[in-house]
Amino acid sequence: MEQFITELGQTEAGDVYFNKPLASYTTWKIGGPADVLIVPHTTEQLIRVIKLLRKYDMTWTNLGRGSNMLVSDKGIRGVVIQPGKEFDYAKFDGTRVHAGAAFSFIKLSVLAGKEGLSGLEFAGGIPGSVGGAVYMNAGAHGSDVSRIFQSAEIVLETGELVHYGAEDMKFSYRHTVLQERPGIVVSATFELAHGDRKEIAAALAAHKDRRRRTQPLQLPSAGSVFRNPPGDHAARLIEEAGLKGCRVGGAEVSTQHANFIVNIGKATAEDVLTLIAQVQSTVEARFGIQLKPEVLVVGER
């Protein structure tokens, strides 16, 4: 680590922080410190960082906006990378939109609607970044990233900058190739379609209203905790199992939406993990179905 830190200090890598608490970087407001947090602001800086990490055989974690992630109480050993300000952009060209990895996925859906472009309405309720959405094949309301994805620029763990098309990504439900072959999304291009601005705005407004009515937006959470099993919904199973309102420490199965675990005050990662395990065991005992987490659990246990 010392040699890595020494060379890192001699490298144009962006902003570097040591022993950085990560709770404020996640939507759950939970998480211990990262040994090193690096915020590269250009693709060139990101490539330098990845190559340096590879040189010293250092582990790394990509943070993004922290909207689908549970960071352990002990934090993350090694290096955490969060793409910086120059990855926060969106450009429209006809029916295509090219967006940086750090750009808000919700904001992108709103801007697309104002351009009269349809296809991103489903993203109106998905907090997080474009990079995270691509990585997870994020989706809602019967659609997902794979339906509009055209290509992405990705820095692989080797430091190589590659251009991936839809086939390269191997999309499936909340899954892409990046979950097996690590890489950091730099930017993505989506193919949309011309649509009626009023109809698009109405769809976005309907999704927003539904979120307000059905989701605990006033409390810190990571959105849906479990993937929907084939032909069913995790929220229905959890609610039918009588788990709404179930608490462990400061973590609670939301009384508003059963597939949300909310931080009702000073919840720890261990509180959340214990509650996740309790939900899984109860649902499996009741229905014979094993719920699989959708959130990423990272850090030292």
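So residue 257 passes all but one of these: (1) in contact with a Pro (Cβ under 9 Å, 6 or more places away or on another chain); (2) within 30 Å of residue 158 (Cβ to Cβ). Which condition number does it fail?
(2)
Condition test on residue 227, is it surrounded by fewer than 20 Cβ atoms within 10 Å (Cβ to Cβ) and modelled with pLDDT under 95? Break it down into steps so the answer makes sense when it comes.
On the way: surrounded by fewer than 20 Cβ atoms within 10 Å (Cβ to Cβ): yes; modelled with pLDDT under 95: yes.
Taking the combined requirement at face value, the residue satisfies it.
What number of residues in the range 152-175 are under 23 Å from residue 49 (Cβ atoms), over 17 Å from the mean Cα position of the chain (by Cα) and in contact (Cβ under 8 Å) with a residue 12 or more places away in the chain?
10
Looking at (1) within 21 Å of residue 71 (Cβ to Cβ); (2) open to solvent by 20 Å² or more (accessible area, probe 1.4 Å); (3) in a loop (DSSP other than H, G, I, E, B); (4) in contact with a helix residue (DSSP H, G or I) (Cβ under 9 Å, 6 or more places away or on another chain), which one does residue 220 not meet, given that it meets all the others?
So the condition that residue 220 fails would be (4).
If I ask for residues that are closer than 14 Å to residue 83 by Cα, within 22 Å of the chain's Cα centre (by Cα) and open to solvent by 10 Å² or more (accessible area, probe 1.4 Å), which ones from the range 18-44 would you list?
Listed by number, the residues that qualify are 25, 39, 41, 42, 43.
Quickly run through the range 263-285 and pick out the residues that are more than 24 Å from residue 74 (Cα to Cα) and open to solvent by 70 Å² or more (accessible area, probe 1.4 Å).
284, 285
Could you give every pair whose Cβ atoms fall below 7 Å, whose first residue belongs to the range 280-295 and is touching a residue at least 60 places away in the same chain (Cβ under 8 Å), and whose second residue is surrounded by 14 or more Cβ atoms within 10 Å (Cβ to Cβ) and aromatic (Phe, Trp, Tyr), counting only separations of at least 6 or pairs across chains?
What qualifies is 291/226; 292/226; 293/226; 294/226.
Given (1) loosely packed, with under 13 Cβ neighbours inside 10 Å; (2) touching a residue at least 60 places away in the same chain (Cβ under 8 Å), where does residue 186 come up short, assuming only one miss?
Of (1) loosely packed, with under 13 Cβ neighbours inside 10 Å; (2) touching a residue at least 60 places away in the same chain (Cβ under 8 Å), only one is false for residue 186: (1).
Six or more apart or on different chains, Cβ atoms under 6 Å: show the pairs whose first residue is in the range 248-266 and under 14 Å from residue 29 (Cα atoms) and hydrophobic (A, V, I, L, M, F, W, C) and whose second is assigned to a loop (DSSP other than H, G, I, E, B) and open to solvent by less than 30 Å² (accessible area, probe 1.4 Å).
251/267; 261/225; 262/216; 262/221; 262/254; 264/250
Among the strands (runs of 3 or more DSSP E) lying completely within the range 73-134, list those that include at least 3 residues that are open to solvent by 10 Å² or more (accessible area, probe 1.4 Å).
Values: elements: 76-81, 90-93, 96-100.
Because the criterion is at least 3 residues that are open to solvent by 10 Å² or more (accessible area, probe 1.4 Å), the strands (runs of 3 or more DSSP E) in the range 73-134 that meet it are 90-93.
The values are calculated or read from the model by the stated rules, or taken from the named source; none is laboratory data. Everything numeric here is computed off the predicted structure, so don't read it as measured data. Methodologically, a virtual Cβ is constructed for each residue, glycine included, from the backbone with ideal geometry; neighbour enumeration extends over all protein chains shown. Surface accessibility is based on the protein's heavy atoms, side chains included, excluding ligands, DNA and RNA. Shrake-Rupley method; radii C 1.70, N 1.55, O 1.52, S 1.80 Å.
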